[in-house]
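Have a look at the structure below before the remarks.
Computed from the coordinates by the stated procedures, all read-outs in this text should not be read as laboratory data. Source: prediction; values computed, not measured. Please note: Cβ atoms are built from the backbone with ideal geometry, for glycine as well, and neighbour counts cover all protein chains shown.
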């Protein structure tokens, strides 16, 4: 199968050494930070903390370069990827800078706690707490709830889907839209029983199926967590009353099938869903520089969805 060579090289540069992630997750974090060096953009950003139950949750806020006080901003609450184990607001700040520029929205990037030091559901609760604060306090950014969207990639998309479920179940606020970019939604990534894309693309396409399983092993507290829909939204029996949803998957991604299956299940439960498979794309493409065709196409889809 032909894949654009430039994309493969670029994604390889953004990927991590082929080391045992369970034994070397701290090294993976260091490499991730070194590869994704953050340079402060020319326009406004600021760091802030939102109070949780027992700790403060860091967030970084990105203003679009041409924001206007006369026009209400859209707000995107962003949860980064990294298998719940690596990544932070610094390593994803290039992505969020481009997101603010491409969408014209104010972007709030959440620095949730990472596993294995903080296992499930710590990351979810951090993301939920930040989201709840923004939805319940309209004075924070001066916009109504109808202009707020949650968005994440990979494990961050998993957290976005779980936040939407938790928000419905707790009934504290309603999320109008969510954007899930190559989301992890299932609890089974084995070659024997997982989706076909796990077997087909889980060996030679940068994100290996073994690494997915290793990340999940570091994230969960026990095997019982695998049966929790807040960890694996696809297994939820009831997916009614979920936000309007855009799901973008990558053609050569082991997570492709479960992301698309989640979208189809959302549809079956009466939700409004758009599913788009990015042709010739690999997992992680959303972190590529802005001139890559798949990044450009993603923002065409995102902007159409938001407007």
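Observations, loosely collected:
- Cα Rg, Dmax (largest Cα-Cα span) when computed across the chain, Å: 17.8, 56
- With Cα atoms as the point set, the radius of gyration and Dmax of segment 65-194 evaluate to 15.1, 56 Å.
- Gain on full extension, evaluated as 0.36 nm per residue between residue 203 and residue 269 minus their Cα-Cα distance, stands at 20.4 nm.
- For segment 211-262 and segment 117-132, distance of Cα centres in Å: 16
- Residue among 160, 115, 236 with the largest mean-square fluctuation in a Gaussian network model of the chain, springs linking Cα atoms under 10 Å: 236
- Cα gyration tensor shape for segment 194-307, rounded if a/c is under 1.5, else prolate or oblate: oblate
- Inter-label distance for residue 191 and residue 90, nm, one decimal - labels placed 7 Å from Cα along Cα-to-Cβ: 3.8
- Inter-probe distance in nm under a simple model that places probes 7 Å from Cα toward Cβ, at residue 301 and residue 223: 3.6
- Spin-label pair residue 291-residue 173: with each label point 7 Å from Cα along the Cα-Cβ axis, the two points sit 3.9 nm from one another.
- Sequence-separation-based contact order of segment 5-306, relative, with Cα cut under 8 Å and 6+ spacing, percent: 17
- Cα gyration tensor, segment 79-155 - rounded (a/c under 1.5), prolate or oblate: oblate
- Evaluated at q = 0.14, 0.19, 0.24, 0.29 Å⁻¹: base-10 log I(q)/I(0), Debye formula over Cα of segment 246-307: -0.41, -0.72, -1.02, -1.22
- Residue order for 200, 296, fewest other beta carbons within 10 angstrom first, comes to 296, 200.
- Spin-label zone in segment 102-127 - amide nitrogen under 13 Å from a point set 7 Å from the Cα of residue 237 along the C-beta vector: none
- Value of Rg to Rh for segment 129-237 (Rh from inverse mean 1/r over Cα pairs, i.e. Kirkwood): 1.05
- Anisotropy class of segment 180-246 from Cα gyration tensor, a/c 1.5 cut: oblate
- Computed FRET value (nearest 0.05) for residue 51 with residue 117, which takes r as the C-beta separation and R₀ as 25 Å: 0.80
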